[in-house]
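Report on one structure; see the data block that follows.
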Amino acid sequence: MRTRATIAAVTGALALAGLVAPTAVADDAPRRDSSRPVLEKFQQAEKPSARSSKAAAPVISNVVVNGGKPFVVGVADKPIRAVFNVKSPGGIGDAYSEIWHGTAYNENTPFIPMDGVKGCAGTWVNCTADFLVMPSIDLTSNARAGKWNIGVAVIDAAGVNTAVNEKAGSVTILRESRLTTDATPEGVKKGKPLTVNGSLRIVNWNAQNFGAYANQTVHLEFMKKGATAYSRVKTLKTDKAGNVKTTVTASADGYWRYVYPGVASAIAPKTSVADFIDVR
């Protein structure tokens, strides 16, 4: 887990536990480059300055992460993007952002640092901040599924006026699920039994792998060839190995699939690839 060293407040607005620059990481975690050019600019704001001291402070608004959709993560590193608007009559000197987990922002808060920001040049702009979610560092516990906050800090071009919002927005990070469907036999006579097998696997961030998920509800659905919508046929539970199996009567050519509804704010829903069966 990364942790940050709390920095000195650079203005009254920045006295929110040091959003602008995480300068240290835990000894037991791989280290990312935590040097932030923006830190120097924010620290300059501590020094008295006659420049544009009467200018209005920047205003941060419309912060959206991942297009407003939940972000699904397995065990592979995965990029995520945030956009936010900034209005700054004195122009924009620099901007910084972090995605963080928990209820209190402090030196022990798990966080994902910004890799870079684009488009923050002007007086009223739409900035883009890019992050790389690294499960082996950022998602080391299944308890980290759910809501993550995003903080944004901006300093004006004069290095005097600043704005910070440590809860400017949020994103839901979900554990990835995998689901399969296999209907047999491939060529079945009408009226004969058709066996539909499935397998549900969920990422386990504690172990950084995918494992079976037992006693979970899955729905078996069917869509007749030429139709445009699926119908629910059965609702089943996975066994201790995360598998599911049922038998139905073959009636027409069509597509079979399992659907897992997921767990709200924790595990992503999943629909398997459909298996087409030719009924003879």
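Read-outs: derived from the displayed coordinates by stated rules, not from any lab. What you see is a predicted model; the values in this text were computed from it and never measured. All Cβ positions, even for glycine, are placed from backbone atoms using ideal geometry, and neighbour counts span all protein chains on display.
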> If you add up the charges near THR123, with Lys and Arg at +1 and Asp and Glu at -1, over every other residue whose beta carbon is less than 15 angstrom from its beta carbon, what do you get?
Replying inline: -1
> At what distance in angstrom do the alpha carbon centres of segment 78-122 and segment 189-244 lie from each other?
Replying inline: 40
> Can you work out the FRET efficiency for the pair LYS237 and ASP115, with r the C-beta to C-beta distance and R0 = 35 Å, to the nearest 0.05?
Replying inline: 0.25
> What is the local net charge at PRO58, summed over the other residues whose Cβ is closer than 9 Å to its Cβ (Lys, Arg +1; Asp, Glu -1)?
Replying inline: 0
>> For ALA157, what residues show an amide H to amide H distance below 5 Å, using hydrogens built from the backbone and excluding near sequence neighbours?
In response: GLY91, ILE92, GLY93
> Out of segment 122-215, which trypsin sites (Lys or Arg not before Pro) are coil in DSSP terms and have no more than 14 other C-beta atoms within 10 Å?
Replying inline: LYS189, LYS190
>> Using amide H atoms built in the peptide plane, which far-off residues or other-chain residues are under 5 Å from VAL233 H to H?
In response: LEU220, GLU221, PHE222
>> Checking the cross-link filter: which lysines have an alpha carbon closer than 22 Å to that of LYS234, excluding same-chain neighbours under 8 positions apart?
In response: LYS189, LYS190, LYS192, LYS224, LYS225, LYS245, LYS270
>> I need the phi-derived Karplus couplings for segment 199-216: 6.51 cos²θ - 1.76 cosθ + 1.60, θ = phi - 60°, integer Hz, Gly and Pro marked x.
In response: 9, 10, 10, 10, 5, 10, 5, 4, 10, 6, 8, 9, x, 5, 10, 7, 6, 10
> Using r as the Cβ-Cβ distance of VAL248 and LYS69, and R0 as 30 Å, what FRET efficiency do you calculate, to the nearest 0.05?
Replying inline: 0.35
> Out of segment 217-280, which chymotrypsin sites (Phe, Trp or Tyr not before Pro) are coil in DSSP terms and have no more than 14 other C-beta atoms within 10 Å?
Replying inline: none
> What does the charge add up to near THR181, with Lys and Arg as +1, Asp and Glu as -1, over the other residues with Cβ less than 10 Å from its Cβ?
Replying inline: -2
>> Please compute the modelled spin-label separation between SER170 and SER136, points set 7 Å along Cα→Cβ, answer in nm with one decimal.
In response: 3.1
> In debye, nearest 20: dipole of segment 152-208 around its Cα centre with unit charges on the Cβ of K, R (+) and D, E (-)?
Replying inline: 580
> For segment 133-227, which GluC sites (Glu not before Pro) are in a loop by DSSP, counting at most 12 other Cβ atoms within 10 Å?
Replying inline: GLU186
